[in-house]
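Step one of this worksheet: look at the structure below.
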Amino acid sequence: MTPRQLVRKSIDARPLEKDEIGFHTASLASARIKISQGDHETAIQELSAALEYFRSHTLYYYEAQASLALAVCEFKLDREPQMVEHLRRVVDLAVRYDYEYWLKREISGNLELFSREEVAELLPADWRAQSIGAQEPTSQPAGI
């Protein structure tokens with residue numbers, strides 16, 4: 001079974017009316033797979049529903065993850081205003097609820113997104129230095 005099929009099976013095993021959080025967290029995983037496969041429009045549809053659920057149930061860590069995934073989709077689809085809005089919420093949640101470790105990992109994994117000037121300005125100064133510094137070439141060859 002492909003990862004997409006496994007997640008679909010997980011979603012089907014968690015009907016929305018019986019296991020809302022399980023359904024939406026599985027939808028978040030499904031959307032991430034779709035993003036990795038370049039299916040951004042479909043991912044946005046799944047993520048939007050999950051985001052609303054997480055936000056309305058004060059599940060802020062999941063909301064931050066869904067918002068970041070939506071920002072990635074919007075970035076890939078060249079929708080800058082929507083991307084920036086989602087990232088603004090991601091940074092707000094990360095600062096407010098101490099998701100610093102998670103966000104720093106996401107920054108290092110999404111340098112293309114976080115290195116954009118308008119996005120870097122959203123970050124606290126010390127995080128901004130990290131995202132910019134992570135892009136600078138080192139004097140050591142890779143693998144050392």
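Things worth noting here:
- The peptide list 39-48, 23-32, put in order of mean Cβ contacts within 10 Å with the highest first, becomes 23-32, 39-48.
- Cα-based radius of gyration for segment 17-69, normalised by 2.2 N^0.38 Å, reads 1.04.
- D_trans [Stokes-Einstein, Kirkwood Rh over alpha-carbon pairs] for segment 49-96, 25 °C, 0.890 mPa s, µm² s⁻¹: 234
- Full extension of the chain between GLU118 and LYS76 yields a length gain of 13.5 nm, computed as 0.36 nm times the residue separation minus the alpha carbon distance.
Each reported figure results from applying straightforward, stated rules to the coordinates on display, with no laboratory input. These figures come from a predicted structure and were not determined experimentally. Reconstructed Cβ throughout: ideal geometry from the backbone, glycine too, with neighbour counts over all protein chains shown.
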